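Taking it in order: structure first as structure tokens, then the write-up.
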Amino acid sequence: MPVVYVDERERSSKVPQLLIEKGVTVIFKFLDVGDYVISNRIGIERKTAIDFAKSIVDGRLFDQASRLLQTFEKAIIVIEGSLRRATKMTNLKRPALIGAYIALTLDMDIAILNTRDEEETAEVIKRVVLKEFKKSHALSFRKPVQKPTTSEAIEWQLYILQAFPHVGPKIAIRILEKFGSIVNFCNASLSELSKVDGLSESKAAEIYRVLHAIYKEFKRESKSGVSKSLADYLQHQKEEKQEK
């Protein structure tokens, strides 16, 4: 069942109830950024046309847009209602409106969707929710990569890398191009992982978590409660030979 997290301040709107009627599960919570959170990847800011115009005038718009971009891989602003009427009511000049559109879409790569009313807004959000739900569902059932039948290192490297979440053939190649080896990839910092083309910060964080998770049954062999690494063991063996 598709789920969307909705900011508590949206309770006064008809949109959440319309989403429920359209089969979307709505969970209300106080959101720091955005009005509708579709997934870790997508966040939506809903604005009436009048509020959009006012936010251009008072400067709130670009602060909100920046926070959306910092939080989500894909940011969407839904503008509900007539902008022509809103500009007249707020005395916003049309060049300022056009400039805001250009800055949001070209400079900030934010999607802007215009809707007529709350009913259409709910329909748009529902479609975004369903599309993201189907995408994540398809990824969870990704066909396993075929195990290599040769001893070629590159084939095994690509095979191993594609076992990680969000890593397909193209990103696996980019990882090798950036880090050179699987060892370097495993030792990379979160910041370094997020610089791989195609890996957002949230995707990189999931890979980093998998790389550094400790197996619950893992037990270090120790003597007197002190763990020994392979290097310690080899050094000990060397010292014993020297004594003999």
With criteria (1) assigned to a loop (DSSP other than H, G, I, E, B); (2) within 20 Å of residue 130 (Cβ to Cβ), residue 113 comes up short on (1)
Inspect all residues belonging to region 79-101 and state whether any of them is modelled with pLDDT of 95 or more, aliphatic (A, V, I, L, M), within 30 Å of residue 204 (Cβ to Cβ) and assigned by TED's automatic domain parsing to the domain that holds residue 17. no
Looking at region 83-109, I want the residues that are among the polar types (S, T, N, Q) and have a partner that is surrounded by 11 or more Cβ atoms within 10 Å (Cβ to Cβ) and part of a loop (DSSP other than H, G, I, E, B) with Cβ atoms under 8 Å, at least 6 apart or on another chain. Which pairs are those? 87/93
Criterion first (buried (at least 16 other Cβ atoms within 10 Å of the Cβ), touching a residue at least 12 places away in the same chain (Cβ under 8 Å) and not assigned by TED's automatic domain parsing to the domain that holds residue 55) does residue 204 satisfy it? yes
Just to be sure, is residue 56 touching a residue at least 60 places away in the same chain (Cβ under 8 Å) and not charged (D, E, K, R)? no
Restricting to region 55-81, count the residues that are buried (at least 17 other Cβ atoms within 10 Å of the Cβ) and part of a loop (DSSP other than H, G, I, E, B). 2
Is at least one residue of region 153-162 of a type outside the set (Gly, Ala, Ser), surrounded by 14 or more Cβ atoms within 10 Å (Cβ to Cβ), under 22 Å from the mean Cα position of the chain (by Cα) and not assigned by TED's automatic domain parsing to the domain that holds residue 67? yes
Restricting attention to region 203-233, and to residues there that are part of a helix (DSSP H, G or I) and more than 14 Å from residue 164 (Cα to Cα), which single residue is modelled with the highest pLDDT? 232
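Yes/no matrix, rows are residues, columns are (1) within 16 Å of the chain's Cα centre (by Cα); (2) assigned by TED's automatic domain parsing to the domain that holds residue 79; (3) of a type in the set (A, V, I, L, M):
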| site | (1), (2), (3) |
| --- | --- |
| 10 | no, yes, no |
| 20 | no, yes, yes |
| 27 | no, yes, yes |
| 43 | yes, yes, no |
| 46 | no, yes, no |
| 55 | no, yes, no |
If I ask for residues that are free of Cβ contacts under 8 Å to residues at least 24 places away in the same chain and either in a loop (DSSP other than H, G, I, E, B) or at positive phi (or both), which ones from region 182-196 would you list? 187, 188, 189, 194, 195
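Table: residues versus (1) aliphatic (A, V, I, L, M); (2) within 21 Å of residue 61 (Cα to Cα); (3) touching a helix residue (DSSP H, G or I) at 6+ places or on another chain (Cβ under 8 Å).
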site	(1), (2), (3)
2	no, no, yes
5	no, no, no
26	yes, no, yes
38	yes, yes, yes
By residue number, the members of region 1-54 that are exposed (fewer than 14 other Cβ atoms within 10 Å of the Cβ), in a helix (DSSP H, G or I) and in contact with a Phe, Trp or Tyr (Cβ under 9 Å, 6 or more places away or on another chain) are 8, 9, 11
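The values are calculated or read from the model by the stated rules, or taken from the named source; none is laboratory data. The shown structure was predicted, so the numbers you read here are calculated from the model rather than taken from an experiment. No Cβ is skipped: glycine too gets one built from the backbone with ideal geometry, and neighbour counts run over all protein chains shown.
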